[in-house]
Amino acid sequence: MQDDVLVNAVDIARMADVGRAAVSNWRKRFDDFPQPVGGTATSPAFSLNEVEQWLRNHDRYVEVSPLERFWQRLRSSADDLRLGEVVAEVGAVLLGESADLDDALAREAREIGQAEGAIAAFDGICERYVDLHSRRLLATPPAVARLMTTIGGTEGGTVLDPACGIGTILLGAHGSQVAGQELNENAARLTSVRLRLHSYEAQVEAGDSLRADAFAGVQFDAVVCNPPFNERGWGYEELTSDPRWEFGLPPRGESELAWMQHCLAHVKPGGLVVIMMPSVAANRRPGRRIRGNLLRAGTLRAIISLFPGAAPASSGPPDLWVLRKLVEGDEPPSDVLMVNAGEDLTLAETAWRAYCEKAELPENSRVVRIIDLLDEEVDLTTSHRVVMQEPTSGYPAMSDRLSSVVKELRLPRIAAKPRRDLVMTNLGELARAGVVTIMQGPLKLPEGGDLPLLTAKDLLLNREPSGRTQDTPGLVRVQKGDVIASLLLSSGALPRVVTKAGAVLGAQLLLFRTDPERLDPYFLAGCLRAEGSTASRHSSAVRRDPRRASLPRLPIEEQRRYGESFAQLLALEDTVRALREISDNLVVAGIDGLLDGSLTPE
């Protein structure tokens with residue numbers, strides 16, 4: 001096999017043990033830095049051999065491990081869409097099974113497995129794969145997965161994850177037998193290989209758990225699940241009379257309540273379900289009947305609020321719902337545990353253990369009587385019931401979170417070139433040409449209902465739609481690929497490209513629907529952001545005139561290159577904003593903790 005493979009800036013940074021910014025500086029400062037031999041303008045690829053030689057010449061070389069070198073060859077052997085399939089095939093080789101893998105790659109995989117150990121080798125490959133495709137895979141953070149399996153008491157029992165992804169939660173279950181189902185066939189195969197390499201007795205099936213349950217009629221000691229959120233096409237029409245809906249038919253827009261009852265149908269009496277839920281599932285009006293039935297039956301045992309990012313499918317802070325299927329003859333409990341854990345996962349585990357042992361609860365947790373929750377709304381929002389204490393005891397967790405967010409900082413690759421004059425156009429001209437359609441949210445919308453409503457605050461905080469409205473004439477329904485911007489130029493809200501359809505556009509918001517073959521939505525979002533920057537510099541509170549917004553007239557391929565850089569810059573702005581908030585809280589927590597004795601200098 002040819003030894004040379006292609007690497008990108010992130011790979012080079014990892015090999016040289018530096019930050020990505022250092023690689024960017026090397027490209028600018030050193031004329032002899034290797035030229036790109038592939039990739040794109042925004043993500044160039046370099047020859048690994050040439051990069052290694054350059055690092056040696058400049059006394060920056062760190063020996064590339066055999067595992068790293070193998071990973072780079074693996075990446076070069078398939079496109080991004082097939083890479084998961086290839087990674088799974090490597091796992092099959094390490095298991096000693098037949099695999100559809102290039103002979104040379106298979107031989108090297110076996111050599112790596114012998115040198116590193118099969119488990120360590122495959123874990124390293126999977127870690128790199130997840131890092132590369134973190135936005136697509138939406139894997140549960142390992143610390144959150146551990147919390148879920150700990151609360152679920154999965155060790156030694158039979159465990160099911162009906163939306164297992166690439167197996168992150170099941171890997172930490174330590175069950176005697178584990179089972180999973182996943183819609184994506186490649187992910188299901190990868191999960192199966194990962195579990196069996198870790199010596200699990202595992203059965204993983206591909207398919208839609210709600211529509212085609214691979215484990216129908218089978219019950220487990222525990223069920224853990226981080227399901228997809230806000231799936232309006234979950235099967236409402238086909239599954240209306242399904243026997244799993246013991247606590248009520250899930251509303252069309254509440255797919256999470258379908259997943260929750262699916263999990264309950266698969267747990268044995270006395271067993272626990274630990275499921276990730278969006279925070280809005282605790283108070284959305286359409287789901288109040290099911291929430292009430294769960295409380296009356298004594299099935300819902302705890303709601304634990306976590307931090308943004310705990311469920312990568314959601315930008316907001318999700319909740320963990322803990323449910324227990326009653327044993328026949330048991331007296332239903334009369335209370336529920338509520339915890340505002342945030343970043344402090346240790347607090348969540350401690351509170352659950354104390355609740356089970358009827359011991360004193362830690363701060364930011366409370367036992368709430370079920371009778372007090374059974375009002376007209378059945379609102380189970382933890383922040384409404386638990387008064388947050390000062391975050392002194394959360395200093396270590398906030399520190400870890402700060403470090404984690406710092407690692408997420410990514411700078412787009414933007415080259416300095418002689419200034420060029422760009423031919424400009426505006427959205428009014430593009431709208432007349434049919435390239436873009438501009439819509440505005442109604443000034444007033446009816447409250448309540450089951451339609452998710454995207455508000456101006458949701459846009460500002462980059463979170464899931466938090467409002468609710470009714471189906472009335474004049475609604476603007478959001479589609480995937482739409483660009484949403486605030487009507488007020490200086491609101492601070494960044495333009496966003498919608499990744500999920502189904503919400504209704506709220507007041508004070510504008511929607512831009514492009515013809516993606518003629519106008520790239522991410523390119524448009526960046527141009528709209530530039531307009532907002534100008535208003536901010538002039539302290540303007542004026543309303544946006546969408547048709548006057550200007551943008552360069554560029555071919556679609558060049559727009560897409562710009563759009564990728566704009567998307568990275570806007571993501572960087574979100575990360576910096578999160579850093580600022582976390583660092584402010586961290587400083588307060590550290591000073592207060594040092595002064596009240598809960599923290600001590602080392």
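The values are calculated or read from the model by the stated rules, or taken from the named source; none is laboratory data. Keep in mind it's a predicted model, so treat the numbers as computed, not measured. A quick note on method: Cβ atoms are made from the backbone with ideal geometry, for glycine too, and the neighbour counts reach across all protein chains shown.
Of all residues in segment 324-334, those that are closer than 23 Å to residue 362 by Cβ and out of contact with any helix residue (DSSP H, G or I) (no Cβ under 6 Å at 6 or more places or on another chain) total 2. If we scan segment 525-541, do we find a residue that is part of a loop (DSSP other than H, G, I, E, B) and modelled with pLDDT of 90 or more? For segment 525-541, residues part of a loop (DSSP other than H, G, I, E, B) and modelled with pLDDT of 90 or more: absent.
Against the definition (in a loop (DSSP other than H, G, I, E, B), free of Cβ contacts under 8 Å to residues at least 60 places away in the same chain and either closer than 16 Å to residue 137 by Cα or of a type in the set (Gly, Ala, Ser) (or both)), how does residue 173 come out, yes or no? Taking the combined requirement at face value, the residue satisfies it. Which of the residues spanning segment 241-289 are more than 24 Å from residue 305 (Cβ to Cβ) and surrounded by 24 or more Cβ atoms within 10 Å (Cβ to Cβ)? Scanning segment 241-289 gives a single hit, 266. If you take the residues in segment 316-370 that are acidic (Asp, Glu) and surrounded by fewer than 21 Cβ atoms within 10 Å (Cβ to Cβ), which one is farthest from residue 386 (Cα to Cα)? Step by step, filter segment 316-370, then rank; the result is 328.
Conditions tested, residue by residue: (1) in contact (Cβ under 8 Å) with a residue 40 or more places away in the chain; (2) surrounded by 21 or more Cβ atoms within 10 Å (Cβ to Cβ); (3) farther than 20 Å from residue 286 by Cα.
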site	(1), (2), (3)
186	yes, no, yes
203	no, no, yes
206	no, no, yes
226	yes, yes, yes
234	no, yes, no
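Segment 344-433 holds helices (runs of 4 or more DSSP H) entirely within its bounds, and those carrying 1 or more residues that are modelled with pLDDT of 90 or more and farther than 30 Å from residue 601 by Cα map to 345-356, 370-373, 427-432.
Screening residue 170 with (1) surrounded by fewer than 23 Cβ atoms within 10 Å (Cβ to Cβ); (2) within 28 Å of residue 261 (Cβ to Cβ) gives one miss only, at (1). The requirement of being among the β-branched types (Val, Ile, Thr), within 29 Å of residue 577 (Cα to Cα) and part of a loop (DSSP other than H, G, I, E, B) is fulfilled nowhere in segment 301-311; no residue meets it. Residue-level analysis places residue 301 among those that are of a type in the set (D, E, K, R) and touching a strand residue (DSSP E or B) at 6+ places or on another chain (Cβ under 7 Å).
Has segment 410-422 got any residue that is out of contact with any helix residue (DSSP H, G or I) (no Cβ under 8 Å at 6 or more places or on another chain), under 30 Å from residue 293 (Cα atoms) and hydrophobic (A, V, I, L, M, F, W, C)? Checked against the condition, which is being out of contact with any helix residue (DSSP H, G or I) (no Cβ under 8 Å at 6 or more places or on another chain), under 30 Å from residue 293 (Cα atoms) and hydrophobic (A, V, I, L, M, F, W, C), segment 410-422 yields no hits at all.
Selection of segment 136-167 for residues being of a type in the set (S, T, N, Q) and under 12 Å from residue 225 (Cα atoms) yields 140, 149.
Name the single residue, out of those in segment 425-483 being more than 28 Å from the chain's Cα centre (by Cα) and crowded, with 20+ Cβ neighbours inside 10 Å, that is farthest from residue 518 (Cα to Cα). Applying the filter and picking the extreme gives 445. Remark: pairs (first residue in segment 573-595, over 14 Å from residue 461 (Cβ atoms); second residue crowded, with 16+ Cβ neighbours inside 10 Å and of a type in the set (Asp, Glu); Cβ separation under 9 Å; 6+ apart in sequence or on different chains) = 582/343. When you scan segment 548-567, do you find a residue that is modelled with pLDDT under 75, outside any helix (DSSP H, G or I) and under 28 Å from residue 479 (Cβ atoms), even just one? No, segment 548-567 contains no residue that is modelled with pLDDT under 75, outside any helix (DSSP H, G or I) and under 28 Å from residue 479 (Cβ atoms). The numbered conditions (1) surrounded by 24 or more Cβ atoms within 10 Å (Cβ to Cβ); (2) under 22 Å from residue 318 (Cβ atoms) are all true for residue 179 except (2). The condition (being assigned to a helix (DSSP H, G or I), over 30 Å from residue 96 (Cβ atoms), of a type in the set (Gly, Ala, Ser) and over 26 Å from the mean Cα position of the chain (by Cα)) is satisfied by just one residue among 217, 248, 271, 292: 292.
Output the residues belonging to segment 72-104 that are in contact with a Ser or Thr (Cβ under 9 Å, 6 or more places away or on another chain) and either over 19 Å from residue 191 (Cβ atoms) or not assigned by TED's automatic domain parsing to the domain that holds residue 16 (or both). 102, the sole residue that qualifies. Put simply, of 178, 204 the only residue that is more than 20 Å from residue 137 (Cα to Cα) and part of a strand (DSSP E or B) is 178. Residue 201 - would you say it is touching a Ser or Thr at 6+ places or on another chain (Cβ under 8 Å) and over 25 Å from residue 323 (Cα atoms)? Answer is yes for this residue. In the set 413, 468, which member is out of contact with any Pro (no Cβ under 6 Å at 6 or more places or on another chain) and over 24 Å from residue 253 (Cβ atoms)? Among 413, 468, only 413 is out of contact with any Pro (no Cβ under 6 Å at 6 or more places or on another chain) and over 24 Å from residue 253 (Cβ atoms). So, in segment 1-57, of the ones that are in a loop (DSSP other than H, G, I, E, B) and of a type in the set (A, V, I, L, M), which residue ends up surrounded by the most Cβ atoms within 10 Å (Cβ to Cβ)? Ranking the qualifying residues of segment 1-57, first place goes to 5.
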